[in-house]
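The structure appears below as structure tokens.
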Amino acid sequence: MAAAQRPGARTTVALTGATGFIGSAVRAALAARGVPVRALVRGEPVADGHTAWVRGDLADGAALAELCAGAGTLLHLASRVGGGAEDCAAVNDRGTAAVMAEATRAGIRRIVHLSTTAVYGEGPHAGIGVDEVPTAPLSEASRTRLLGEGHALTAGAVVLRPALVTGAGDRWVVPGLAELARRVPGRWAGGEVRLSLVDRTDLARLITALALDAPAPVAGVHHAAHPEPVRSGDLLDALAGLGLLPALDGPALPWEECRRLLAATTPGQVSERQLAMIARDHWYRSDDVWRLAGCTPGPGPLARLAGAAPWYRAALGLD
């Protein structure tokens with residue numbers, strides 16, 4: 001069996017999901033530290049000058065063997081977040097099982113697997129620790145990601161469950177808030193809803209620290225958000241201050257009124273279940289993983305919004 005990786009060693013990191021929202025930030029963080037990266041890619045590789053690309057997907061055994069051979073760490077960040085049951089199962093369940101089996105064969109001792117707090121299902125959730133409420137996924141994506149967690153844990157991985165992730169490339173959180181500002185104008189629960197957020201660059205720092213800096217491989221399931229929850233009113237005010245949303249100075253809206261207003265303004269992209277993730281408490285205790293990784297959480301997602309504002313302006317058609 002391979003020896004445990006020395007913290008800070010330049011051992012090759014095997015990476016899936018390398019061109020995605022979070023994976024691309026992790027790839028950049030690894031490159032900034034001069035760490036060799038070997039990444040799986042289905043389409044055309046990105047010519048970034050520091051990544052060795054392996055063409056294939058999670059169903060391609062030969063590609064997975066090439067990806068994992070000689071690597072000291074596997075970062076499995078690929079997932080399917082939409083589509084039908086078979087599409088989700090192929091990536092999130094069977095694909096995860098395959099890459100974890102190959103990592104085990106290759107003797108990889110450090111594995112980070114990206115999941116989601118959506119495995120808990122419908123909230124509200126107010127300051128819960130890992131699995132303090134039963135998992136109850138409501139979508140095929142979440143159900144199959146929970147199955148994928150099992151494969152990762154069997155391989156000795158640390159499983160990260162982020163909640164809402166913001167930053168350049170975010171196509172759900174802030175765009176969803178922009179739609180809700182039109183359809184459900186007001187202060188949801190008076191702006192006192194508490195949310196677990198993390199900026200993608202801080203999440204990338206955490207993943208990189210788990211790969212390179214933790215004194216010993218971290219295992220088990222951990223929430224991966226900034227330790228301090230964000231009040232929804234503060235988030236809306238910060239976005240309005242950057243010119244990304246109108247100022248929401250309307251009445252305090254209880255949950256049932258939010259539901260009514262959303263239903264009265266269909267069709268739209270944001271569903272009631274997605275509204276509930278933002279208009280009701282969804283925050284998760286996330287302190288321990290930063291400590292175990294030896295990584296500071298940073299100033300928080302609200303402080304990072306200004307840096308992502310140009311991207312959001314373009315994405316929202318505000319330029």
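The values are calculated or read from the model by the stated rules, or taken from the named source; none is laboratory data. Keep in mind it's a predicted model, so treat the numbers as computed, not measured. Cβ: placed from backbone, ideal geometry, glycine included. Neighbour counts: every protein chain shown. Please note that ligands, DNA and RNA were not included when accessible areas were found on the heavy atoms of the full protein model with its side chains. Shrake-Rupley method; radii C 1.70, N 1.55, O 1.52, S 1.80 Å.
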Problem - Inter-label distance for ARG42 and GLU192, nm, one decimal - labels placed 7 Å from Cα along Cα-to-Cβ - result: 4.5
Exercise for the section: Between the alpha-carbon centers of the stretch 172-213 and the stretch 28-50, tell me the distance in whole angstrom. Expected result: 26
Practice task
Answer rounded, prolate or oblate for the chain, using the Cα gyration tensor with square roots of eigenvalues a ≥ b ≥ c: rounded when a/c is under 1.5, else prolate when a/b is larger than b/c, else oblate.
Solution key: prolate
Exercise for the section: Report the label-to-label distance for ALA52 and ARG259 in nanometres (one decimal), using points 7 Å from each Cα along the Cα→Cβ vector. Expected result: 5.5
Exercise for the section: Report, for the stretch 35-126, the % of DSSP beta bridges that are antiparallel, rounded to 5. Expected result: 0
Handout entry: Length-normalised contact order for the stretch 70-200 - Cα pairs under 8 Å, 6+ apart - percent
Key = 27
Fill in the blank from the handout: To the nearest 20 debye, the chain has a Cα-centred charge dipole, built from +1 on Lys and Arg Cβ and -1 on Asp and Glu Cβ, of 580
Practice task
Tell me the label-point distance for the pair ASP87, ARG182, using the 7 Å Cα-to-Cβ offset, in nm and rounded to one decimal.
Solution key: 2.4
Exercise for the section: Treating the angle as unsigned and between 0 and 90°, give the value, to the nearest 10°, between the Cα long axis of helix 21-32 and the longest Cα principal axis of the chain. Expected result: 50
Exercise for the section: Work out, step by step, the length gained on full extension between ARG291 and GLU122: first 0.36 nm times the residue separation, then minus their alpha carbon distance; give nm to one decimal. Expected result: 58.0 nm
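Quick check for you: with a 1.4 Å probe and neighbouring chains kept, what is the accessible area per residue of the stretch 98-141, in Å²?
38
Between THR135 and ALA101, what FRET efficiency follows from the Cβ-Cβ distance if R0 is 25 Å, with the result rounded to 0.05?
Rounded to the nearest 0.05, the efficiency is 0.60.
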Practice task
With r as the distance between the Cβ atoms of ALA306 and ASP249 and R0 = 25 Å, compute the FRET efficiency 1/(1 + (r/R0)^6) and round to 0.05.
Solution key: 0.70
Practice task
Over the stretch 60-212, with every protein chain in place, what whole percent of the accessible area is carbon and sulfur at 1.4 Å, could you tell me?
Solution key: 54
Exercise for the section: Return the FRET efficiency for the residue pair ALA31, THR266: r is the Cβ-Cβ distance, R0 is 41 Å, and the value is rounded to the nearest 0.05. Expected result: 0.40
Problem - Mean separation of Cα contacts under 8 Å, 6 or more apart, over the residue count of the chain: relative contact order % - result: 19
Completion exercise
Over the stretch 226-319, with neighbouring protein chains present, the accessible area per residue in Å² at probe 1.4 Å is 51
Handout entry: Percent of beta bridges antiparallel (DSSP, the chain, rounded to nearest 5)
Key = 5
